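Everything on this sheet refers to the single structure shown next.
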Amino acid sequence: MRSYSKYRQPWRSLLQVRQPALLGSLLLVCAPTLYIHAQTTTPENLALQMQQLTEAMNRTQAQLERTQQQMEGMRHQLTALQQQIAAAEAGSTPPLAAEQPAEDLATEVDSLREQQSILKSQVATQEQTKVESESKYPVKLSGLVLLNGFVNTRKVDIPSTPTLALEGGGSTGASVRQTLLGIDARGPHLYGARSHADLRMDFDGGPSPGSTSAAAGTYNGNIGQLRLRTAHAALDWDHTEAFFSLDRPIINPNQPSSLNAIAIPPLAWSGNLWSWNPQVGLTHDLSFSNVPRLRLQAALIDVTDPPVLYSASTSAAVSLSSTAERSRWPGVETRFAILSSDKENGAQLGFGGFFAPHRTASGTTFDSWAGTLDYRQPLPARLEFAGSFYRGQALGGLGGGAYKTFGYRPDLDNPGDFYFRAFENVGGWAQLKERAGERIEFNAAFGIDSVPAGQLRPFAGGPASYYQNLARNRTFTGNVIYSPSAYLLFSLEYRRLESSPVNAPTAASNIIGLAAGYKF
């Protein structure tokens, strides 16, 4: 009987020779990728990693081409062996002995194809590790797609983002204008400091000047313009940070928690000095052994005017300067605080001060100032108590003063002259938070902002001047925020607004809000 071992021998020798070479090639291809993933991406080795990534991708592509060539060679050998098997079968050779090597080779080819597909997928993943920027440094895009439903039992100033209660009927609706977009970037080292920047935007911007396409109740009324909220750029050393920003003042570092008050932060105009103003400043931390850290902060600030000072009849082509800008001097704010070792959730106690000169269009000068106290204290049972308090004058540009900084009225006895006064202001807020678990938290908060009625009453206007007549604004709120995963957020919130004009009864509205968000 004829032996068929000579037909199997080439397969064995081929596999013996090719298998180590193929395994070595695959290890050589995968090693750079594994090495890159094993490194920690930090600003220090980012340039080196980018160079290594480029070299690794080039080597991977070359290895893929060599693997393809090897597969082509094996395919030719497979054809030759199949021809030999066919010739053997023509000479009455039993086919089973020759079919087994062909099946083994086909399996090996399929395995190589699978490995090639995996390598291509890894290369594609490496190409998508960052959003490319002009500077070639990493940029991260993030956001929160947010749907808010609301029920207002009485009339409010803005149905979807209320801050003031009025006399009248309620409203019910939904909005997606509080959706957020964020961009975070990290750059090179400069003077031994790490550089970074970020900005946040939403869709709660108003209609274009003079436009009526976004009138309330129309389809376009639910489509807001993209609006810049906050922005930061900073150089960070180990204990010092130099920054410029568009954000709330440094004298109010804490913020209440809410998913239903995003476009206008929670407790706004009710004790939370929230308004976003351009600032440039410096932060320095002093550390002492066995003693909490001491933080020193100082900044220059360009203070805006409260929104009601802008006239609706002003031409859209005219951009008015603020009363602070007319003074030709920036505002100044300072803060020093005692901090625990936990920067994010630890205890802190801070004291701040603010001063800014102002000048009206008629030439009258006045000053705004404030003294502040802020605190955050972790408590047992996963509780946290936080808040802020202020006392000052003409704080409408920071989000206080009941929507105003000053009042004036004509002097009837002296035509052309008028009475003027910058209003004093006192307010603050407090919140109790309980983190019941990793995915759920409960919050209860109260805020108040008040102008002395005796100062305001001589300058009160008619019923339509509800912002100018407001002497006190209070907000009570409670919510639960639930996050079943890292990307989903749900919230139920109750809020009560109580707004007290100086010349009319207090108006109140109960607000029930539902929120559903998806983070990306």
Starting from residues that are crowded, with 19+ Cβ neighbours inside 10 Å and not in a loop (DSSP other than H, G, I, E, B), keep the ones in the range 449-467 and report whichever is modelled with the lowest pLDDT.
TYR466
Verdict on PRO95 being modelled with pLDDT under 60 and in contact with a strand residue (DSSP E or B) (Cβ under 7 Å, 6 or more places away or on another chain):
no
Give the residue that is surrounded by the most Cβ atoms within 10 Å (Cβ to Cβ), with candidates limited to residues of the range 431-443 that are in a strand (DSSP E or B) and touching a Ser or Thr at 6+ places or on another chain (Cβ under 8 Å).
GLN431
Residues within the range 485-497 that are within 18 Å of ASP157 (Cα to Cα) and open to solvent by 30 Å² or more (accessible area, probe 1.4 Å), tallied
2
Is it the case that GLU134 is farther than 22 Å from LEU259 by Cβ, free of Cβ contacts under 8 Å to residues at least 40 places away in the same chain and of a type in the set (D, E, K, R)?
yes
Return a yes/no flag: does the range 395-414 have any residue that is small (Gly, Ala, Ser) and without any contact (Cβ under 8 Å) to a residue 24 or more places away in the chain.
no
What number goes with the only condition from (1) under 25 Å from the mean Cα position of the chain (by Cα); (2) open to solvent by less than 30 Å² (accessible area, probe 1.4 Å); (3) among the hydrophobic types (A, V, I, L, M, F, W, C) that ALA422 does not pass?
(1)
Quick check on my filter: what residues within the range 234-259 are open to solvent by less than 10 Å² (accessible area, probe 1.4 Å) and of a type in the set (S, T, N, Q)?
ASN252
Mind listing whichever residues of the range 151-181 are surrounded by 19 or more Cβ atoms within 10 Å (Cβ to Cβ) and over 25 Å from LEU489 (Cβ atoms)?
LEU164, ALA165
Going by what's in this entry, would PRO188 be described as modelled with pLDDT under 95, in a strand (DSSP E or B), open to solvent by 40 Å² or more (accessible area, probe 1.4 Å) and more than 30 Å from LEU488 (Cα to Cα)?
yes
Out of all the residues in the range 352-368, which are buried (at least 18 other Cβ atoms within 10 Å of the Cβ) and within 34 Å of the chain's Cα centre (by Cα)?
GLY352, PHE354, ALA356, PRO357, HIS358, SER368
Those residues of the range 265-295 which are under 21 Å from SER322 (Cα atoms) and either assigned to a loop (DSSP other than H, G, I, E, B) or hydroxyl-bearing (Ser, Thr, Tyr) (or both), in sequence order
TRP269, LEU273, TRP274, SER275, TRP276
Please note which strands (runs of 3 or more DSSP E) are completely contained in the range 364-419 and include at least 2 residues that are of a type in the set (Lys, Arg) and modelled with pLDDT of 95 or more.
none
Residues (within 28 Å of ARG248 (Cβ to Cβ), open to solvent by 50 Å² or more (accessible area, probe 1.4 Å) and either of a type in the set (Ser, Thr, Tyr) or at pLDDT 85 or above (or both)) located in the range 192-224
ARG194, LEU199, ARG200, PHE203, SER208
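Tell me yes or no: at least one residue of the range 111-121 is under 30 Å from TRP269 (Cβ atoms), of a type in the set (D, E, K, R) and modelled with pLDDT of 70 or more.
The first filter runs over the range 111-121 and keeps only residues under 30 Å from TRP269 (Cβ atoms), leaving none.
Looking through the range 111-121, none of the residues is under 30 Å from TRP269 (Cβ atoms), of a type in the set (D, E, K, R) and modelled with pLDDT of 70 or more.
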Kindly check whether there is at least one residue in the range 66-84 that is open to solvent by less than 80 Å² (accessible area, probe 1.4 Å) and touching a strand residue (DSSP E or B) at 6+ places or on another chain (Cβ under 9 Å).
no
If only one of GLY416, GLY397 is of a type outside the set (D, E, K, R), out of contact with any Leu (no Cβ under 7 Å at 6 or more places or on another chain) and closer than 21 Å to TRP369 by Cβ, which one is it?
GLY397
What are the residues in the range 498-520 that are surrounded by fewer than 20 Cβ atoms within 10 Å (Cβ to Cβ), hydrophobic (A, V, I, L, M, F, W, C) and farther than 29 Å from PHE459 by Cβ, if any?
ILE512, LEU514, ALA516, PHE520
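The values are calculated or read from the model by the stated rules, or taken from the named source; none is laboratory data. All figures in this text were calculated on a predicted structure; none of them were measured in a lab. Because the Cβ atoms are built from the backbone with ideal geometry, glycine has one as well, and the counts that use them run over all protein chains shown. Ligands, DNA and RNA are excluded from the accessible area calculation, which covers all protein heavy atoms including side chains. Shrake-Rupley method; radii C 1.70, N 1.55, O 1.52, S 1.80 Å.
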